[in-house]
Amino acid sequence: MASELCKTISVAKLEKHKNLFLNYRNLHHFPVELLKDEGLQYLERLYMKRNSLTTLPEDLAQKLPNLVELYLHSNNIVVVPEAIGSLVKLQCLDLSDNALEIVCPEIGRLRSLRHLRLANNQLKFLPPDLGRSRELQYVYVDNNIHLKGLPSYLYNKVIGCSGCGSPIQVSEVKLLSFSSGQLTVFLPSEVKSIGTETDHVLPLQELAMRSLYNAYYKFIKDLNFLSPISLPKSLLELLHCPLGHCHRCSEPMFTIVYPKLFPLRETPMAGLHQGRTTVSFVAYCCSTQCLRTFDLLS
């Protein structure tokens with residue numbers, strides 16, 4: 001099997017293949033042959049589904065700089081290295097059916113990324129930097145039992161999140177909800193209050209958090225910059241991880257959201273659901289002004 005693998009990779013290098021299929025090879029480690037010398041500089045699509053990989057090499061982007069699609073479905077990957085953020089041409093990344101608990105924020109540096117598949121993992125949250133990928137169209141997160149909520153900037157990009165989140169007992173936590181027509185939508189438990197078009201001012205805590213965020217934005221990635229002594233622990237954690245970002249202006253939100261409901265038929269995803277218009281998209285805005293002016297089609 002090893003000699004056959006070496007031969008396959010050797011031919012791909014010699015003939016400058018753009019596609020390489022290494023599915024069902026029982027690989028426990030990323031093949032070193034792929035990374036020898038200059039690597040496969042011409043390779044654009046790498047298929048490594050249904051192996052037993054646990055991690056990826058740090059020099060992946062250096063050796064395979066022209067990757068456009070990377071398929072790692074059904075492995076045992078626990079960690080994705082920060083260096084993956086250097087795959088500047090990557091458009092499709094499939095990490096479904098692995099053992100991921102976190103997604104490194106460097107994935108947000110993949111400016112060409114369009115499709116990200118993360119279904120059937122152990123994810124607890126998604127990194128805020130994903131919102132910076134302007135080309136990102138679809139994120140698949142089905143069956144991540146520990147993923148209890150989605151950042152607001154991904155709500156119109158996520159295809160399916162059934163099986164996500166532990167069952168919540170209503171008796172244990174009071175869920176906020178808002179209604180529009182005949183639909184009632186429950187909001188993440190982190191949301192402390194819901195704004196309406198009649199609001200004139202934001203709550204004081206929200207104003208304070210936004211001011212702190214803007215003042216220390218350059219430093220908040222350094223978790224030691226603001227110590228628990230300077231801020232209560234609950235506020236410090238909230239500062240590091242906002243509820244989400246406004247769909248209208250991209251400003252962070254910490255304690256309050258202004259939700260706006262759109263029927264699925266009015267969203268870009270309507271065609272994907274084959275006419276099932278019972279599903280809707282909830283936009284989160286940071287103020288009454290953004291709430292009034294936000295439109296999916298504008």
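Numbers for the structure displayed
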{"read-out": "Output for the stretch 192-215, where each listed residue is under 24 Å from the mean Cα position of the chain (by Cα) and open to solvent by 60 Å² or more (accessible area, probe 1.4 Å)", "value": "192, 214"}
{"read-out": "Residue 85 at pLDDT below 90, under 25 Å from residue 42 (Cα atoms), open to solvent by less than 30 Å² (accessible area, probe 1.4 Å) and assigned to a helix (DSSP H, G or I)", "value": "no"}
{"read-out": "Number of positions in the stretch 88-119 that are surrounded by fewer than 19 Cβ atoms within 10 Å (Cβ to Cβ) and hydrophobic (A, V, I, L, M, F, W, C)", "value": "5"}
{"read-out": "Hits in the stretch 34-82 - residues which are in a loop (DSSP other than H, G, I, E, B), charged (D, E, K, R) and more than 22 Å from residue 115 (Cβ to Cβ)", "value": "36, 37, 38, 58, 59"}
{"read-out": "Long-range neighbours under 9 Å by Cβ, at least six apart or interchain, first residue modelled with pLDDT of 85 or more within the stretch 182-211, second loosely packed, with under 13 Cβ neighbours inside 10 Å and assigned to a loop (DSSP other than H, G, I, E, B)", "value": "207/201"}
{"read-out": "Qualifying position, being open to solvent by less than 70 Å² (accessible area, probe 1.4 Å), within 20 Å of residue 81 (Cβ to Cβ) and at pLDDT below 90, among 27, 53, 35", "value": "35"}
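The values are calculated or read from the model by the stated rules, or taken from the named source; none is laboratory data. Source: prediction; values computed, not measured. Glycine also receives a Cβ, built like all others from the backbone with ideal geometry; neighbour counts cover every protein chain displayed. Remember, those area values only see protein heavy atoms, side chains included, never the ligands or the DNA or RNA. Shrake-Rupley method; radii C 1.70, N 1.55, O 1.52, S 1.80 Å.
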